[in-house]
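Structure, as structure tokens:
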Amino acid sequence: MAAQSNELGSIATKSVKTETVNLKNITFDPKVTTGDTILKPNNTIILALVGSEIRFPVQLNERVILGRQDPNNMKLVDIDLTPYSAYEKGVSRRHASLYKISNTLSLVDLGSNNGTHLNGYRLLPHQPRLMRNGDEVALGKLVFRVYFE
């Protein structure tokens with residue numbers, strides 16, 4: 001029992017209930033939390049759109065910007081996601097970027113309207129998050145997995 005004081009200074013007791021949680025029935029996706037964080041020497045990743053057979057390689061430089069190409073400014077993004085219904089799925093023109101630092105990869109939301117999610121967690125704008133092989137990324141409602149090739 002836990003003791004508490006009331007405004008008159010006397011002590012009252014209150015019963016505190018504890019609960020045990022059984023973890024046997026909880027399943028975890030090991031790819032989400034345990035994938036390798038080290039890129040392969042060729043600096044190539046594969047973006048695989050969830051729910052389709054579409055997979056395409058991306059050669060990493062220091063930074064790769066993901067989004068929708070603006071027809072009036074052809075240099076806004078490095079990877080144009082327009083052909084994959086990006087507009088309908090809420091992808092911003094300059095939605096997110098992938099940063100290669102040494103042999104690791106980070107994902108950064110660029111202040112997008114509909115957010116960037118990494119394994120189901122929404123990223124804060126302009127805050128890099130370390131990526132792992134097999135991570136799931138959602139730009140708005142456009143979802144893909146990232147594999148280190």
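Of note:
- Looking only at residues in the stretch 106-149 that are among the polar types (S, T, N, Q) and more than 16 Å from residue 46 (Cα to Cα), the one that is surrounded by the most Cβ atoms within 10 Å (Cβ to Cβ) is 116.
- The stretch 77-96, residues that are in contact with a Lys or Arg (Cβ under 6 Å, 6 or more places away or on another chain) and either outside any loop (DSSP other than H, G, I, E, B) or more than 17 Å from residue 115 (Cβ to Cβ) (or both): 82
- Among the conditions (1) out of contact with any Gly (no Cβ under 7 Å at 6 or more places or on another chain); (2) within 22 Å of residue 57 (Cβ to Cβ); (3) part of a loop (DSSP other than H, G, I, E, B), residue 111 misses just one, which is (2).
- Test: residue in the stretch 56-75 that is in contact with a Gly (Cβ under 7 Å, 6 or more places away or on another chain) and outside any strand (DSSP E or B): no
- Members of the stretch 55-80 that are touching a residue at least 12 places away in the same chain (Cβ under 8 Å), closer than 18 Å to residue 44 by Cβ and of a type outside the set (S, T, N, Q): 57, 58, 60, 62, 63, 64, 65, 66, 78, 79
- Residue 60 vs. criteria of a type outside the set (S, T, N, Q) and at pLDDT below 95: yes
- Within the stretch 138-149, no residue that is without any contact (Cβ under 8 Å) to a residue 40 or more places away in the chain and closer than 12 Å to residue 112 by Cα sits with its Cβ atom under 6 Å from a residue that is part of a strand (DSSP E or B) and hydrophobic (A, V, I, L, M, F, W, C) at 6+ positions apart or across chains.
- Qualifying residue in the stretch 28-35 (condition: more than 21 Å from residue 121 (Cβ to Cβ) and at pLDDT below 95): no
The values are calculated or read from the model by the stated rules, or taken from the named source; none is laboratory data. Fair warning: this is a prediction, and the values are worked out from it, not measured in the lab. Counting neighbours? That spans all protein chains shown, and the Cβs are built from the backbone with ideal geometry, glycine included.
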